[in-house]
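A.B. asks: I have a structure here, written as structure tokens, and I will follow up with some questions on it.
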Amino acid sequence: MFEALSTGNTVIMHRAAPAAVPAETDIVPILPRQAKTVRDTGLEPRFVTDLVLKAIQASGKAPLPVLAGKLRLSISILREVLNPLIAEQQVEVAWCGESDIDMQYQLTPIGQRGAADALTRCRYGGPAPVTLASYRAMVERQALRNVDAERTTPAVFAAALGEDGLAQATRDTLGAALYARRSLLLHGPSGSGKTQLAHKLGRLLPGPIAVPYALMAGRHVIRLYDPALHAAPLQLARQQEERRSCDARWIIAQRPLVHVGAELGRDMLELRYDAEEGVYHAPPHLQANNGMLVIDDIGRQRMPAAELLNRFIGPLDTGIDQLTLPGGQTESMPFDAAIVFATNLRPTAVFDDAALRRIGYKAEIGAWPAGAYRSLLRRQCLMRGIEYDDGAAAHLIERLHPQSRRALLACYPGELLDRIADFAGFAGSDARLTMAAVEQAWHSMFIADDAEA
């Protein structure tokens, strides 16, 4: 259904194909400037020293450039940390080349004990985190709700949704919701294409943005970056590697699209501690910052729909979410995500009137017009390399659908063609769209009811 799928614990997150980025995009205005000193990082010196000790211990002999790449810290910061460690006989130079950065470091016995102590304080050993204050400022700068934030043009919007069989009134509603970055409820029968439509809207959010690998909240590290969600266009990733003036603790990425479904529960909306890595994993709505959060199958979660809505309405209004750390400590996290709810239940059966009023826009996604459905079938044939036949398409639209009282929903063409390919593959023949093939695939999908019989 979508280009990539990343499964993390019980929350399913789909990665959208990166949107096109203009070739002239410069990452320098997007990413913070490189930190040159420990003080510039905003982190406690003891924490940075511990990171360096743990990184050298994990490597055995750690070349300086490799150490910089692993911790995403500048060479000048590493020298600021390493020189006192050498003076304290915790670290020694294992090898030195012709260049002043062509050096390898290793721990002494004293350093091994220091690294062990560092691990007892915090097991995290990844890229150096950014401070929560820095992250708040960055999210605010990149916020979708900013009046001067880049908007999707009507032409781009029309091109993306041009073949989706949507009525003009529905298109206008979706366009207004995307422009205003207000919450949106997509409702309609299962298989009508609500999820696919939500993902298309997510791909229309203009980027790129800066995303940190990890956050420092008090004395706790929160891992935020997920390569399956924060995809970087290749040309920008290469540019970042070449630009040494940018803070490497941040990565350039398209605006994220995070998708969760019926498996969503209260616990998934909180920080989750990973004892092995010594790090907290960010909940999906925190990872969706400056992007889009799609909450699918509303009304089927393990928490009441009204409670789920209330969980996000406040943060949507204020731009702030409260997350709980050990000992009951709470941290104010920035919240800036366009939220799309989707359900195949009647909205009035899921939400009461007061709750529905709090959702910005509502759009019903239903059956496709016959012409649009036929075009969808033709495009799906082309994608699969299956020869299209208009007579077989007419048989499907004018006979099989009415006969079984099934609406022309977006899910059917792809599912039918996959079965046609399966039957042809089993028979050792080429897949073709014929009346016989359509009949065979159709009856393999459904159980005939009394009316059809």
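The values are calculated or read from the model by the stated rules, or taken from the named source; none is laboratory data. Just so we're clear, the structure is a prediction, and the values are computed from it rather than from any experiment. Neighbour counts are summed over all protein chains in view; Cβ atoms, including those assigned to glycine, are modelled from backbone coordinates with ideal geometry. Just the protein is used for accessible areas: all its heavy atoms, side chains included, with ligands, DNA and RNA removed. Shrake-Rupley method; radii C 1.70, N 1.55, O 1.52, S 1.80 Å.
A.B. asks: Looking at Asp50 and the list (1) closer than 12 Å to Asp247 by Cβ; (2) in contact with a Cys (Cβ under 8 Å, 6 or more places away or on another chain); (3) in a helix (DSSP H, G or I), which single condition is not satisfied?
C.D. replies: With (1) closer than 12 Å to Asp247 by Cβ; (2) in contact with a Cys (Cβ under 8 Å, 6 or more places away or on another chain); (3) in a helix (DSSP H, G or I) applied to Asp50, the lone miss is (1).
A.B. asks: Among Ala87, Ala158, Ala128, which is within 36 Å of the chain's Cα centre (by Cα) and free of Cβ contacts under 8 Å to residues at least 60 places away in the same chain?
C.D. replies: Ala158
A.B. asks: Considering only residues that are closer than 28 Å to Glu270 by Cβ and of a type in the set (Asp, Glu), which ones fall in region 332-374?
C.D. replies: Answer for region 332-374, where residues must be closer than 28 Å to Glu270 by Cβ and of a type in the set (Asp, Glu): Asp336, Asp352.
A.B. asks: Determine if region 235-247 includes at least one residue that is part of a strand (DSSP E or B), open to solvent by less than 20 Å² (accessible area, probe 1.4 Å) and under 30 Å from Ala305 (Cα atoms). Break it down stepwise before answering.
C.D. replies: Within region 235-247, the first condition is being part of a strand (DSSP E or B), and the residues that meet it are 246.
This time we only want the ones that are open to solvent by less than 20 Å² (accessible area, probe 1.4 Å), so: 246.
Keeping just the survivors that are under 30 Å from Ala305 (Cα atoms) gives none.
For region 235-247, residues part of a strand (DSSP E or B), open to solvent by less than 20 Å² (accessible area, probe 1.4 Å) and under 30 Å from Ala305 (Cα atoms): absent.
A.B. asks: Run Gln168 past the list (1) more than 30 Å from Ala306 (Cβ to Cβ); (2) under 22 Å from the mean Cα position of the chain (by Cα); (3) surrounded by fewer than 22 Cβ atoms within 10 Å (Cβ to Cβ) and report the number of the one that doesn't hold.
C.D. replies: (2)
A.B. asks: Right, another one. Would you mind finding the one in Asp317, Asp297 that is open to solvent by 10 Å² or more (accessible area, probe 1.4 Å), among the acidic types (Asp, Glu) and outside any helix (DSSP H, G or I)?
C.D. replies: Testing whether each residue is open to solvent by 10 Å² or more (accessible area, probe 1.4 Å), among the acidic types (Asp, Glu) and outside any helix (DSSP H, G or I) leaves just Asp297.
A.B. asks: Here are Arg311, Arg374, Arg346: which of them is open to solvent by 60 Å² or more (accessible area, probe 1.4 Å) and of a type outside the set (A, V, I, L, M)?
C.D. replies: Details: Arg311 fails: open to solvent by 60 Å² or more (accessible area, probe 1.4 Å); Arg374 fails: open to solvent by 60 Å² or more (accessible area, probe 1.4 Å).
When all the criteria are applied, what remains is Arg346.
A.B. asks: Test Gly366 against the stated conditions and say whether it is outside any strand (DSSP E or B), without any contact (Cβ under 8 Å) to a residue 12 or more places away in the chain and open to solvent by less than 60 Å² (accessible area, probe 1.4 Å).
C.D. replies: For Gly366, the condition - outside any strand (DSSP E or B), without any contact (Cβ under 8 Å) to a residue 12 or more places away in the chain and open to solvent by less than 60 Å² (accessible area, probe 1.4 Å) - is not met.
A.B. asks: Among helices (runs of 4 or more DSSP H) lying entirely in region 380-453, which contain 2 or more residues that are open to solvent by 70 Å² or more (accessible area, probe 1.4 Å), charged (D, E, K, R) and modelled with pLDDT of 95 or more?
C.D. replies: Of the helices (runs of 4 or more DSSP H) lying wholly inside region 380-453, those with at least 2 residues that are open to solvent by 70 Å² or more (accessible area, probe 1.4 Å), charged (D, E, K, R) and modelled with pLDDT of 95 or more span 411-427.
A.B. asks: Pairs under 8 Å by beta carbon, first residue more than 11 Å from Val66 (Cα to Cα) and at pLDDT 95 or above in region 97-112, partner of a type in the set (A, V, I, L, M) and open to solvent by 20 Å² or more (accessible area, probe 1.4 Å), six or more apart or different chains?
C.D. replies: Gln106/Ala94
A.B. asks: Please state which of the following conditions Asp226 fails to meet, knowing it meets all the rest: (1) in contact with a Gly (Cβ under 8 Å, 6 or more places away or on another chain); (2) buried (at least 24 other Cβ atoms within 10 Å of the Cβ).
C.D. replies: Of everything listed in (1) in contact with a Gly (Cβ under 8 Å, 6 or more places away or on another chain); (2) buried (at least 24 other Cβ atoms within 10 Å of the Cβ), Asp226 misses just condition (2).
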